[in-house]
Structures are given as C-alpha cells and as structure tokens.
Amino acid sequence: MLAIRKSMRFLIFVGLTMALVAAFACGGDDEEAAPAAAPAAAPAAPAEAAKTAPLGIPAGDVTINRNSPPGFQWDGPTPSTFQEAPMLAGLVSSGKLPAVEERLPVPSDVMVFPVVDRIGDYGGTWRRGFTGPNDMQNVERILHDHVIYYDLDGATLMPHIIKGWDVSSDGKVYTFHLREGAKWSDGEPFTAEDFVFANEAFLMDADLNPDKNGKQGYTEHAPIVTAPDANTVKWTLPAAAPGLLDDLGGIQIAGPAQGGFEGHGPYHPAHYLKQFHPKWGDQAEIDAAMAADGFDNWPLFFKTKASVHRNPDLPVMAPWKLVTPNTTQQWVLERNPYYWAVDPEGNQLPYIDRIVLTLAGEKEVLNLRAIAGDYDFQHRHIDLAKVPTFNDNASKGNYRMGFWPSNGNQASLEINQTWDADPEVAKWLQNTEFRQALSVGIDRELMNEAVFLGTGRLKNPVYNPKHAMYPGEEIEKRFVRYDVAEANATLDKIGLDKKDSAGRRLRSDGKPLVVEVTYIENYFLDYESIAEITKTAWEAIGIGVSLNAEDVNLFAGKRPENEHQIVVGSAGMWAPPFPMGTSGFAPLISDWVTSDGSKGQAPTGDLKRLIDIGLKVPDLRYGDRKALYTEAADIIATQQYYIGLVGDTPAFNGVIVIKNYFKNVPDVAPNVPHLQNPGIARTEQFFLEGGKNDSE
C-alpha cells in the first residue's frame, strides 16, 4: 500500500471546482509563444542562484516587454544604494525604524525585480473588494510568499524568498540558501530555524495535523529538515523527488500566507509563534492568551495565530502585512518595511503603501462597485458576462479591462463513476458510449457565446496549443463536435431506444431516464447558465435532466460523500500534470486511494491506469512528463469522465478591472491558481501613478 499512499498528492488538493493548476505558457492571439516549459533543468548552485540566466532582458534595461513578457529575472547590475517609501523615511528620521540599508539583506543578496512599465511611484492605497472571511485567496495570491517561484512564463523556476538551491547527485538532499540579513516584517532575522520550527511545530504535531507526519504542503514529500547554519536549510528525503522543486514553486507547498491557517507551510516565524506552542511556551500563559482571545481549542487558536488573514501581530515575509483581519468590513494590509526586494534603481518594494479590501458580501455587489470605478485593480470575482457593461462605463470609471486567459476548461461536466444510489442511473453514468453521446449532444458554441462572450475554445480539458504539454488537436477535439444525429444513434444503439409520449428515453423499468446535474449557485462563473444549456441540449436527445443548485458549503460537504451524479465545474491540468482528481468524478476511488485500500472502491480499467500514471509522474522532472500526460489526456478524451465544454477563457479570475493610473501590470500573465495570479505578475512592482488613487 505504500505506492497507493504516494498517490495522495494528486487527490488531497481537490478544491470545490477543478483547479487549473499547471506550469503555464502564456497563450494569446496577440503575443509571441512563451519559452518552452522546462523549469530548472539543472538546479542552480548557490553562487549562481541570485543571477539566473535571463529570459531576454538586456543588461541595464529596467523594464520588460509588457505584451510578451520575458520574465522577472534581473541581469543588470546590483544596486549599491537604496531608497525607501516616504512613509518609511519619516519613521527612520524619527528613530522608529532602522535605515533602509539595515532592513534589507546584504546588498549581494537583495532580490532585484525588473518592472513592466517603468520605475514606480511610491504611495497610495490599492482598493479592492472581497466577499467574506472565506475569500482568503483574495489576499494569499497578492502576498505570494513562496520559497521559490515560477517566472512570468509559468514554467521557469527562479529564486524568491531564498536566493538559491542545490540538489544532491542522488536527488535526495535539497539545500536551500537564504538571503543573508533578510528579516521578518517585525525586524527579526529570517533564519533556517524558521524552517526547522515549521516542520516540527506544525507538520510533525499530531494535534495540529493528524497524520501529516512532516509532509510538506499538499504533497507526500516528508523530508528531515535540518539547519547546518543560520542561512542554510537542508531537506533530506528517503528517495529522490524530482518534482519537489515544481511543488515548491507553485501552490502545493507555497508559503505561510497560503498554508498558515491550514496548519502547514515550509517556514513560519519561530521567534513569534513559539510562545503559543506548549513545547516552547509557558502553558499558563498560553491558556491565558487563549481565554483572552475567546478560544477553548488550542489547535484552532495556534493556527489563527499563524494566519495572515486573522492575526495582525503575525510577522510575514510578504510585501504587505495585515492591519485589520478579514472578519471586518475593511480588510487592510500595509507595506512590510523589511521586504527583501528592490527595483533596478534600488528602490525598496513594494511601491504601494496600503491595500484596503472592502466587504461586498455578494459577487453582484462587488461587480456593481467595480463598474462604478471603486476598485483600482480587481482580478477576482469579476463577471465575464458583465464585460459589455464594464466597457460602457470604462471612460466614466477611468478604468480599462484586462483579460488573462486560463488553461484547461472553465466549463465542464464531471460524470461520477462511483455514484450508486440508483443502480439503473449508475449503469448509464458508467457507460462509455452513453457519456460520449451526452458529449456530442451539447451545443458548445452556444455555451461559449452565451456564457463566455465567445472568448473560449471548444475543447476537452487539455493544455492550449502553445503549451509544451499540448497533446494534439485530435485529443483536444475528440467528441467535442455537436452532432444531434450521432448522439441519438448512439443512445438507440446502446439500448435506450424506447421513449415515452414526451420523447423521453426509458429505463429498463419503463420509467423516464432522468439524470441530476448539480452546480454551485452564486459562484465565480455562471454555472447556472451552463447547467441550463446542458439541460436543454440533453432533453432534446431524450435524456431528462433535473437541475440541483447548491450553496458552496453544502456542495463541499456532499461532493466527497459521493452524493452527486453530474457536476458542473471547471476541469484543468494538475501539477504534476495529471488531468483528473478522482474525488471529482469518482469519490469512492478517492477514498480507496487515501485510505490505502481500507475503504472506498478499488479502481479498474482506465481509472486504474490513471492512478498508475499519477504514481509515476512525481518521479519525473517536468520536461519528462509529456508522454504520460498525453496518455492520461487520451484516456480522459475517450472516456469522457469529464465532458469538456469551453476552455482557455479569462472567466475564472482572469477578467480584470484596472484603473488607467494603475501601472506595471502585464497585458497577459498566467491565470492559473497553481501559480497564484496576480502574484505571478509580481504585485510588489504594481504602482499608482502619482502615488495615489482617484479618491486620495
């Protein structure tokens, strides 16, 4: 069962809808193809890590091509003098803050980011909207405090929090080199102890993380974490893990902004959090602090103390730190005075002083405020269907629209292969030709126009043609055609040829065959319209459809319990590229995998092959995975476990409202949750022209 347990990495990280997670080569009609995806073909040695091979940036040129961005790796001279934001300069002159040179790492270890438009103006407040305390990714994506990170091409790994890394010849030992002199936002040193502490206090603590056993993030990597010295972290694994760097660069491991409240993350501020952990702190003082904060549950108390969303006192390594929590009407962040990066002229980043997110509650309210021009840059919750209205009001609101296309599918149907409440319906859901008939019976062009304003591709859930992992047009388009005659002929052939007076196909017991299609109401996409178009199409070929709208929390509880027949959602590429998560269309198989076979349902046939492929992928580097990925995509396209509908649209977090004075935003950046857009565009170099928004 050891091999089975290894596959958990593909199944744990399954969100409410299928995350579009993959190394991303930006695709768009007006941009050049991105460099071939092959992250870190050879791990960088520490002396070279801070100066990785450039992606076309001429030495000394501080800007990047905004239409076809080569990336954020700096190849110019390292600044020798440094400047800071006026709000910090005032604190320095009053003696409340050390000089900027003392707050940055040593000059040779300072991170230098090129900028998109020009060297920015300091100051101002970046206004955004959020929908409530559960909208945590709204800020996590902006903070992007990864250990290492992908460049703007979404394929090339580069130093981030750390300055470089080494990998042993046997692939078992990863050595990370920290930036000498880097500090937390409270001015305390950022050291290797913060990694050792995170592993011991979070990932090895059975109260905080039952069964985590040192596994990093959403992976099965469980290294022994040691600190040879203050600026060196060593991860020693029992076996070679070629995919570890890929996992570090994306959301699988990420940083404490993404993992703190969940109780994991590769590093945490030991100097601050130890006081709240019984192993290091005083139990009486911990009890008193819990009582003062209204907690009677220590794990929840500790995770809240480690949350960038809830605890303003928590030190961070991100560009901004919390001022007021996300449980208030205004979720506020302020610049980190010890941030470890500068622009090419030595100006400490970030440029923007504050971020204020105002509670909207409903997505509709948020969109109305965006249309009115109340936000400076909003990439999240913006409704693609409202783009015509946005365009009509753009001049009045002084904004422009941005479109960052996603990879994979923003509209798909997941056909549950383990649903068993009604044997007759289950028999058809598990029938390959039935699923193929349903697929060709859907008018995707109508759906693309009605829901996505014609911006998408009609496709199976595969990478786009510009991506290195693209499996080819035949796989992309298999069963994507709209052919009512073919759908009817197939359904007749497989035994659904008898109909009632209303034209509904009959089950073996003489009842009309009705399938239930579930969707999340009031979510990021217009899932209701997708469901309605599907219902109309399938009823036209004699299949009855019952629509079931669910609140996101109800949906999240019912989905892993095997209670859904067919789900409207999004389907995309996994990283490592495994194009399915069995909890989406086979929850009982997911249970079998995650329980080492003690419960659930064992996979057979093509489903078993998909699991086998998933087991092999982590043992390959990114560039060696295409054959397995193509095989998996081929299975998905034939079996139609996912009925792919429309993809490569900006609909899911890719429709952006940008004030005309809001600068250094690339025209195109990867719109992929795995890469945490817009953080992948380096939000610390965004700025407000003149240092203020239009209300200041």
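Our helix-only sum for the chain, with -39,500 (n - 2.57) per DSSP H run of n ≥ 4 divided by its residues, gives a mean residue ellipticity at 222 nm of -7000 deg cm²/dmol.
For the chain, DSSP calls about 75 percent of its internal beta bridges antiparallel. Just so you know, the Rg over Rh for the chain is 0.97, from Cα atoms, with Rh as the Kirkwood radius. Packing around the peptides 471-477, 245-251, 157-163, taken as the average count of other Cβ atoms within 10 Å per residue, puts them in this order, highest first: 245-251, 157-163, 471-477. Extending 7 Å from the Cα toward the beta-carbon at both K274 and E362 defines two label points whose distance is 5.1 nm. Partner lysines whose Cα lies under 19 Å from the Cα of K511, excluding those fewer than 8 positions away in the same chain, are identified as K427, K493, K498, K499, K535.
Dipole magnitude for the stretch 409-647: about 520 debye, using +1 per Lys or Arg Cβ and -1 per Asp or Glu Cβ, origin at the Cα centre. A protection proxy built from the mean count of other Cβ atoms within 10 Å ranks the segments 320-330, 504-514, most packed first, as 320-330, 504-514. As a proxy for reagent exposure, M290, M447 were ordered by neighbouring Cβ count within 10 angstrom, fewest first; the result is M290, M447. Here the peptides 189-198, 429-438 are ranked by packing, the mean other Cβ count within 10 Å, and the order with the highest first is 189-198, 429-438. Annotation: extensible slack from R118 through K626 equals 179.1 nm (criterion: 0.36 nm per residue apart, minus Cα-Cα distance). The residue among Q601, G647, V116 whose Cα reaches farthest toward the positive pole of the charge dipole of the chain, with charges on the beta-carbon of Lys, Arg, Asp and Glu, is Q601. Remark: spin-label model distance S168-T536 equals 6.2 nm, labels positioned 7 Å along the Cα→Cβ axis. Basic side chains Lys and Arg get +1 at the Cβ, acidic Asp and Glu get -1 at the Cβ, and with that the dipole of the chain about its Cα centre reaches some 560 debye. Annotation for A291 and E424: the two label points, set 7 Å from Cα along the Cα-Cβ direction, are 6.4 nm apart. How much of the calculated P(r) for the stretch 409-647 lies past 23 Å, in percent of all Cα pairs? Every Cα pair in the stretch 409-647 considered, those over 23 Å come to 48 percent.
Readers should treat all values here as calculations from the given coordinates under stated rules, not as data from a laboratory. Please read these numbers as outputs of a predicted model, since none were measured by experiment. Cβ: placed from backbone, ideal geometry, glycine included. Neighbour counts: every protein chain shown.
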